[in-house]
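Before any comments, here is the structure.
Any read-out appearing in this document is the output of simple, stated calculations on the displayed coordinates, not a laboratory observation. Fair warning: this is a prediction, and the values are worked out from it, not measured in the lab. Positions of Cβ are backbone-derived with ideal geometry, glycine not excepted, and every protein chain shown enters the neighbour counts.
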Amino acid sequence: MHNVIRLSIILAFITLIAAFVLAEIYNITKPRIEEQKLAKTQEALKYVLPDAQSLPPVKKKIPVKDGKGNTLYEREEIVYYKAYSDQQEQNLIGYAFKAYGTGYSSNIETMVGIDTIGRITHIRIISQKETPGLGALAENSEPFKGKKWSTQQFINKQIDDLKVDKDGGTIVSITGATITSRAITNSIKAKMQELTGELDIPIQETVEED
Amino acid sequence: MTLVAEFIKGIYKENPVFRLALGLCPVLAVSTSISNAIGMGAATTFVLLSSNTIISLLILFFSKILSEEGQKSINKIRIPMFIVVIASFVTIVEMVMSAYFPALSESLGIFIPLIVVNCIILGRAEGFASKNSLVFSVMDALGMGIGFTLALIAIAAFRELLGSGQLLGVNLFGGDYKPVLLMILPPGAFLVIGLYLGILHWLDARKK
């Protein structure tokens, strides 16, 4: 019995020190980690909408409910960003939003910029963990020449153009990684459809395909 | 054994990857590019060095303050003790890496937290640091860590060169090279490790 208590105290003491050290380092690194995340979003925004001078986020309050349907608290979430070409936020040039898709082995997060009539200005893959050499090539943004995947092929595409070649569309998919290509394309399409109502984008007549 | 010998053994004679065949899981997973290999090697070496140091000090400390019988009973909780020490250092590495090297931390992903269960580290803690003095434990950790890093780089260089036609991210063959995708997929890792093991055994056999 005496032994058990002694061993417990020793172990508790060691874990206590470890917890203290970890808490300190967490405090030091946390602001820096958040800064990095923010910087990444900002960089992606600048990339998809290079002409924007001011990008205020549009937030939506999402109520978090408990089991009985009572609202516990409201969580703020950025739905999309408005892009203005001047600091005074007078001249609206487009919107930016994040699209999330489930790829082959990871969740793919894409930043998408669109102009005021719903054409994509550019896209940028923010995070993915797809197969190296296959799905991971999705980030490639080399000039689009027509037969290889590049994020540049999304430029000027509209909702109805967003379909990969395997599904009869025009987006050239990554060789050997159709699932990844499809996940990115479809996630952007879904998010655009979701946002069309909220943004002041003229809804185009959908041409029925035969 | 001298200090230098303790250091050298981890690099060739008792190389953790090629000789002891320890920690193969992260080796298979992150050896797709040299930059990943260096990042993983550095993280593992840091954890190995820190945990070997602390564990060696802990054992020394207990041997000073506890009786013979007390030291025997301490033996019963040595594994949880080691795990706490190792897990703490791994968490430190993870936090520091995502704060200061976000790109690296993203490409290594889950394999950083998984250093906790890397058998090289627990193996050295249990098999070496808990039985040897501080200086020897530090030398052992350095040797093993550097040996692990070098092994990773050797495998990654091969895989990156053939699998993506690059070395350290620099394109070597120009645009026309069609990479051997197999090399950066999991089977490529097995092939390359097998190849290296074969070469080392062949060299040993020739020496005899």
With everything on Cα atoms, drop me the angle between helix A:178-196 and the longest principal axis of chain A, reported from 0 to 90° to the nearest 10. 80 degrees
What nm value, rounded to one decimal, do you get for the distance between residue A:28 and residue B:68 when each label is placed 7 Å out toward the C-beta? 4.4 nm
Using a basic spin-label model with each label point 7 Å from the Cα along Cα→Cβ, how many nm lie between residue B:201 and residue B:172? 2.7 nm
The rounded separation in angstrom of the Cα centers of segment B:25-84 and segment A:97-152 is 41 Å
Given the Cα-Cα distance of residue A:88 and residue A:42 and 0.36 nm per residue of separation, how much length would full extension add, in nm? 14.7 nm
Taking every pair of alpha-carbon atoms in segment B:3-207, what share in percent sits in each 5 Å bin, from 0 to the bin with the longest distance? 1, 8, 14, 17, 17, 15, 11, 7, 5, 3, 1, 1, 0, 0, 0
Which of these, B:53, B:91, B:149, has the largest mean-square fluctuation under a Gaussian network model of chain B (Cα springs below 10 Å)? B:91
Across B:174, B:188, B:23, the residue with the highest GNM fluctuation in chain B (Cα network, 10 Å cutoff) is B:174
If each of residue A:11 and residue B:190 carries a label point 7 Å out from its Cα toward its Cβ, how far apart are those two points in nm? 3.9 nm
Of A:60/A:129; A:129/B:76; A:61/A:147; A:82/A:129; A:40/A:61; A:30/A:98, those spanning more than 32 Å from alpha-carbon to alpha-carbon: A:129/B:76; A:61/A:147
Nearest 0.05, what FRET efficiency do residue B:208 and residue B:38 give at R0 = 30 Å with Cβ-Cβ as r? 0.30
Difference of contour (0.36 nm per residue) and Cα-Cα distance, residue A:142 to residue A:2: 43.5 nm
Based on the alpha carbon coordinates of the protein assembly as shown, what radius of gyration and maximum Cα-Cα distance (Dmax) apply, in Å? 26.9, 87
With an 8 Å cut-off on Cα pairs and a minimum separation of 6 or more residues, tell me the relative contact order of segment B:3-207 in percent. 37 percent
Roughly how big is chain B's charge dipole about its Cα centre, with Cβ charges of +1 (Lys, Arg) and -1 (Asp, Glu), in debye to the nearest 20? 540 debye
Evaluate chain A: find the radius of gyration of its Cα atoms, find its Kirkwood radius, and give the ratio Rg to Rh. 1.14
Using a Gaussian network model on chain B with a 10 Å cutoff between Cα atoms, which of B:183, B:81, B:139 fluctuates the most? B:81
Taking Cα atoms, the helix A:2-48 axis meets the longest principal axis of chain A at an angle in degrees (rounded to 10) of 20 degrees
Give, rounded to the nearest 20 debye, the magnitude of the charge dipole that chain A has about its Cα centre when Lys and Arg contribute +1 at Cβ and Asp and Glu contribute -1 at Cβ. 880 debye
Segment B:138-208 and segment A:169-202 have their Cα centres apart by a whole-number Å value of 38 Å
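Please state the relative contact order of chain A as a whole percent: Cα pairs under 8 Å, 6+ residues apart?
Values: 342 pairs, mean separation 28.3, N = 210.
Computed over chain A, the figure is 13 percent.
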